[in-house]
Amino acid sequence: MLGVSRITLREAIGDLRAAGFVESRRGRFGGTFVTYPPPAPSRVELRRIAVEDAGKINDALTFRMAVETGAAQILAQAGGDAGGTREAAAVRIHDVLLARLAAVNRACPEEYRRMDTLFHLAIAELTGSSLLSAACADARVRLNDLLNAIPLLQRNIDHTAAQHTAIVEAILAGDTRGAQLAVAEHLDGTAALLRGFLR
């Protein structure tokens with residue numbers, strides 16, 4: 001496909017392996033896999049991106065608000081109905097949300113952003129809609145580098161923990177409006193922090 005010989009390709013893969021960019025695995029699911037994580041952009045680079053792509057960032061923040069408040073509303077409708085045929089689903093929603101909330105609350109600084117992402121994605125995934133889950137993941141991916149650039153301050157983590165708790169409580173209580181408002185307040189705060197930091 002690339003118009004190069006197998007020998008050249010093997011040499012290139014060997015050089016990449018020696019540099020630590022790829023690893024080769026044998027067996028049924030073997031092959032050559034990228035292992036090198038790209039370096040995180042510098043804060044100067046992120047600020048430049050924020051200035052140049054302000055419209056795209058605002059668009060991504062609006063998109064995130066729409067899909068995540070919608071996911072919370074839908075999940076609250078399911079989470080608040082613990083009777084009848086939905087009982088098992090309501091128990092699963094309860095267990096997964098509390099587990100994700102506990103995980104983000106006890107996360108060390110190095111793991112905090114990842115656990116926060118998993119918390120937010122769990123809300124969408126628990127709706128059972130693969131399209132909504134994909135939309136929430138897409139919204140998060142568009143902002144992840146910029147979100148990762150915000151310093152992790154303990155007062156922000158404490159405030160976020162209270163907001164996450166409010167989101168979970170509203171969903172589990174079946175309070176669709178409360179869940180939407182709790183998510184909107186949380187995302188508004190994140191957006192304000194992001195815009196303020198990247199000025």
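Every residue in the stretch 157-183 that is surrounded by 15 or more Cβ atoms within 10 Å (Cβ to Cβ), more than 16 Å from Leu126 (Cβ to Cβ) and of a type in the set (A, V, I, L, M, F, W, C), please.
Matches in the stretch 157-183: Ile157, Ala166, Leu181.
Can you give me the number of residues within the stretch 116-137 that are in contact (Cβ under 8 Å) with a residue 40 or more places away in the chain and over 17 Å from Ala72 (Cβ atoms)?
Residues in the stretch 116-137 being in contact (Cβ under 8 Å) with a residue 40 or more places away in the chain and over 17 Å from Ala72 (Cβ atoms): 0 in total.
Among residues belonging to the stretch 169-199 that are basic (Lys, Arg) and assigned to a helix (DSSP H, G or I), point out the one that is farthest from Asp145 (Cα to Cα).
Initially, the stretch 169-199 is screened for residues basic (Lys, Arg), giving 177, 195, 199.
So of that shortlist, the ones also assigned to a helix (DSSP H, G or I) come out as 177, 195.
Details: Arg177: 30, Arg195: 13 Å.
Filtering the stretch 169-199 for residues that are basic (Lys, Arg) and assigned to a helix (DSSP H, G or I), the one farthest from Asp145 (Cα to Cα) comes out as Arg177.
Being under 12 Å from Glu68 (Cβ atoms) and of a type in the set (S, T, N, Q) narrows it down to one of Thr190, Thr160, so name that one.
Working: Thr160 fails: under 12 Å from Glu68 (Cβ atoms).
Exactly one of Thr190, Thr160 is under 12 Å from Glu68 (Cβ atoms) and of a type in the set (S, T, N, Q), namely Thr190.
Return yes or no: is Arg113 over 30 Å from Arg10 (Cβ atoms) and modelled with pLDDT under 90?
Answer is yes for this residue.
Residues of the stretch 139-156 being surrounded by 19 or more Cβ atoms within 10 Å (Cβ to Cβ) and of a type in the set (Lys, Arg), which ones?
Arg140
The values are calculated or read from the model by the stated rules, or taken from the named source; none is laboratory data. Only a predicted model underlies this, so the values are computations on that prediction, with no experimental measurement involved. So basically every Cβ, Gly included, is an ideal-geometry build from the backbone, and we count neighbours across all protein chains shown.
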